[in-house]
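Worksheet for the structure shown next.
The values are calculated or read from the model by the stated rules, or taken from the named source; none is laboratory data. Because the structure is predicted, anything quoted here is derived from the model rather than measured. Quick reminder, even Gly has a Cβ in these numbers, built from the backbone with ideal geometry, and neighbours come from all protein chains shown.
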Amino acid sequence: MKNVLLLLLTAIIWGFAFCAQSKGMEHVGPFAFNCLRSLIGALFLIPCYHFLDRLKPSYQLEAERKLSRKVLLVGGICCGIVFSVASCAQQIGIKYTTVGKAGFITATYILIVPLLGLFMGKKCNMYIWLGVGLAVIGLYLLCITEKLTIQKGDLYVLACAFLFSLHILVIDYFSPKCESVRLSCIQFLVAGILCSIPMLAVEGLPSLSSVLAAKYSILYAGILSSGVAYTLQIIAQKDFNPTIASLIMSLESTFAVIGGWLILNQKLTLREFFGCALMFIAIVIAQIPSRPQTKPQPQE
């Protein structure tokens, strides 16, 4: 239940981040936005893990010191590479397609994660697959409000969905082996450095006035969406089924619509309300445990 609540909080933060992301893109380019939000997220986490270390009991600190620093560094670099490419693909794709279609295509990671997980030996019961199916229908009703057509931006966002699926599985692999906050900090430091390369090559150094105009959007995306939410994701995915994690995190689309309604005065249609309801039902169904297989009793 703790993991579910942490992932739900992550989805809420990400959902409302769509409003900040939409506003921020009016002033800075996609690479600059991702570079700044990632570096801010890393800077925010540096004092956080020092403060959290003081609150931990000595036996926990001793156990964490025994964890391989090499694994932590490799995990942070791998997570940072995948995150930077995925987030940039999403930002570019939004420029060439509608936000609704981008939201639906991005959230197809709820299908890609269990499919990739099968190749990694991770099994899913029938309730999880039923939840995935209902969630896809809910996302369609929630996000697609026009005729479905394939555009150039859709291909970028589809690549983003695959990369975010890979990001979930990479975190699933490294999070039990590393200290969560440090792993997240390295991830964003790597992502910020990588995003700065295309930023300088394609967009150039953003002006101070444009950064200040987008400061609230960048700070929200950097501190809450990156620093807090992605760290919560890493913490919550420890010893947790990645398919169920992807289902819960896909609720960001629902909270994005709610955020647009509360902050941007965008009204919800009956179709969108029904899509939200299906999403919540899907999450509840995915939590139903499968029946344990009973071994046949030996005959006397």
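Counting only residues that are of a type outside the set (A, V, I, L, M) and within 19 Å of Cys88 (Cα to Cα), how many does region 216-237 have?
Qualifying residue count for the region: 7.
For residues that are acidic (Asp, Glu) and assigned to a helix (DSSP H, G or I), tally how many sit in region 1-50.
The initial filter retains those residues of region 1-50 that are acidic (Asp, Glu), namely 26.
Pick out the ones that are also assigned to a helix (DSSP H, G or I) and you get none.
Total meeting the criteria: 0.
In region 229-249, how many are aliphatic (A, V, I, L, M) and either outside any helix (DSSP H, G or I) or within 12 Å of Ile128 (Cβ to Cβ) (or both)?
Number of matching residues: 4.
So which residues in region 1-21 are at pLDDT below 80 and touching a Ser or Thr at 6+ places or on another chain (Cβ under 8 Å)?
The answer is Gln21, and nothing else.
Does Tyr140 satisfy being over 26 Å from Tyr173 (Cβ atoms), surrounded by fewer than 23 Cβ atoms within 10 Å (Cβ to Cβ), at pLDDT 75 or above and among the hydroxyl-bearing types (Ser, Thr, Tyr)?
Answer is yes for this residue.
Check region 235-250 and report whether any residue there is in contact with a Cys (Cβ under 9 Å, 6 or more places away or on another chain), among the hydroxyl-bearing types (Ser, Thr, Tyr) and within 19 Å of Gly192 (Cβ to Cβ).
No - not one qualifying residue is present in region 235-250.
Restricting to region 199-235, name every residue that is touching a residue at least 12 places away in the same chain (Cβ under 8 Å) and of a type in the set (Ser, Thr, Tyr).
Once the filter is applied, which keeps residues that are touching a residue at least 12 places away in the same chain (Cβ under 8 Å) and of a type in the set (Ser, Thr, Tyr), region 199-235 yields Ser210, Tyr216, Ser217, Tyr220, Ser225, Ser226, Tyr230, Thr231.
Table: residues versus (1) buried (at least 20 other Cβ atoms within 10 Å of the Cβ); (2) more than 25 Å from Thr97 (Cβ to Cβ); (3) not hydroxyl-bearing (Ser, Thr, Tyr).
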| position | (1), (2), (3) |
| --- | --- |
| Val4 | no, yes, yes |
| Leu8 | no, yes, yes |
| Gly15 | yes, no, yes |
| Met25 | no, no, yes |
| Cys35 | yes, no, yes |
| Gly41 | yes, yes, yes |
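Read through the list (1) surrounded by 23 or more Cβ atoms within 10 Å (Cβ to Cβ); (2) at pLDDT below 90, then give the number of the only condition that Leu134 fails.
Every listed condition holds for Leu134 apart from (1).
Select from region 169-212 the residues that are assigned to a helix (DSSP H, G or I) and over 23 Å from Leu72 (Cβ atoms) and list them in ascending order.
Result: Ile197, Pro198, Met199, Leu200, Ala201, Val202, Glu203, Leu208, Ser209, Ser210, Val211, Leu212.
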